[in-house]
Amino acid sequence: MKKKLVNEYLGIILTAMIAVMVCASCSKPQEGKIEYIPFQETKDGNWGMISMDGKVLFKDEFKTKPTVVRDGRFFARTKEGIWEMYDARPKGDCPWRTDAAA
C-alpha cells in the first residue's frame, strides 16, 4: 500500500516535471528590438505610436491599443475583435490609412 502511494506520487511529480520542461522548451524569447510603443494623448482618445526617443510616428489612429512595433510591424484589433497586422510607416506613407482615419 505504502509503495503504491509512493509510486503514484513519483508518477505525478515526473509528469509535472515533463510538462514544465516541454513548456519551457517551447517558449522562445521575442526577437527584434522595440521600435515604437502605443500611446494616447488623452485618456479616452485613439491610439498612436511613438518611438523610444520621443518621435511620434502617428497619432489618433486606432480605437483599440495596438501592440509594440518590432521589425517594422505591429498588430491592432478591429472592432470585430480580429487582429490585423500593419506596417509602421509615417502618416502619408501608409496604404492602410484612409482619409477618414488620417
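Packing-based ranking of 44-53, 67-76 yields 67-76, 44-53, ordered from highest to lowest mean Cβ neighbour count within 10 Å. At full extension, Ser51 and Lys63 could sit 2.4 nm farther apart than now, given 0.36 nm per residue minus the alpha carbon distance.
Maximal additional length on extending the Arg89-Ala16 stretch stands at 21.7 nm, based on 0.36 nm per residue less the C-alpha distance.
Just so you know, all these numbers are worked out from the coordinates, no wet-lab data involved. Here the structure is a predicted model, which is why all the values come from computation and not from measurement. Note: ideal-geometry Cβ built from the backbone for every residue, glycine included; neighbour counts use all protein chains shown.
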